[in-house]
Amino acid sequence: MKKQLALLGLAIASATCAAQQAPATTTTTEKFISLCANTTDSAAQNFCHGFGQGVYETYLITRHPQKAPSFVCAQNSTLTRQQHIDNFMKWSETRPQFKQASAADTILRYLGETFPCKP
């Protein structure tokens, strides 16, 4: 019985480790924009909106006033989520150097440039 429990524990541990491996690639800005531009695919639109919102929400909850001061101040923006996405796509067209960069990083660059915090 002890051997069976030990084998079961080992199997669960190795399955957990396999499931927790990091993805092989990140979502590039180019890929993110192609998904956002595909307005006829609801799954692509869901990913686009969810990913963008997730990046912004993560930014908001990870700010530490002394260690990582805010650089995005978009709280008073009256734009819709779709307007933010459209503006991000236009902004990205003029910055091809970020095509292969992480979409999350590029989104934060856009937000920081577009909605900088006042000193």
### Task
Report yes if some residue within the stretch 73-87 is closer than 23 Å to residue 119 by Cα and crowded, with 16+ Cβ neighbours inside 10 Å; otherwise report no.
yes
### Task
Scan the stretch 35-72 for residues that are more than 19 Å from residue 114 (Cα to Cα) and among the polar types (S, T, N, Q) and jot them down.
38, 39, 40, 42, 45, 46, 62, 66
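What number of residues within the stretch 31-51 are without any contact (Cβ under 8 Å) to a residue 24 or more places away in the chain and surrounded by 14 or more Cβ atoms within 10 Å (Cβ to Cβ)? Even if it seems obvious, please write down each step before you answer.
In the first step, residues of the stretch 31-51 are kept if they are without any contact (Cβ under 8 Å) to a residue 24 or more places away in the chain; the result is 34-35, 38-47, 50.
Subsequent filtering for residues that are surrounded by 14 or more Cβ atoms within 10 Å (Cβ to Cβ) retains 35, 38, 44-45, 47.
So the answer is 5.
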### Message
Restricting to the stretch 28-87, name every residue that is of a type in the set (A, V, I, L, M, F, W, C), more than 16 Å from the chain's Cα centre (by Cα) and not in a helix (DSSP H, G or I).
### Response
68, 71, 73, 74, 79
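Here, each number is a calculation from the coordinates, and none is a lab measurement. Every value quoted in this text rests on a predicted model; they were computed, and no experiment measured them. Glycine also receives a Cβ, built like all others from the backbone with ideal geometry; neighbour counts cover every protein chain displayed.
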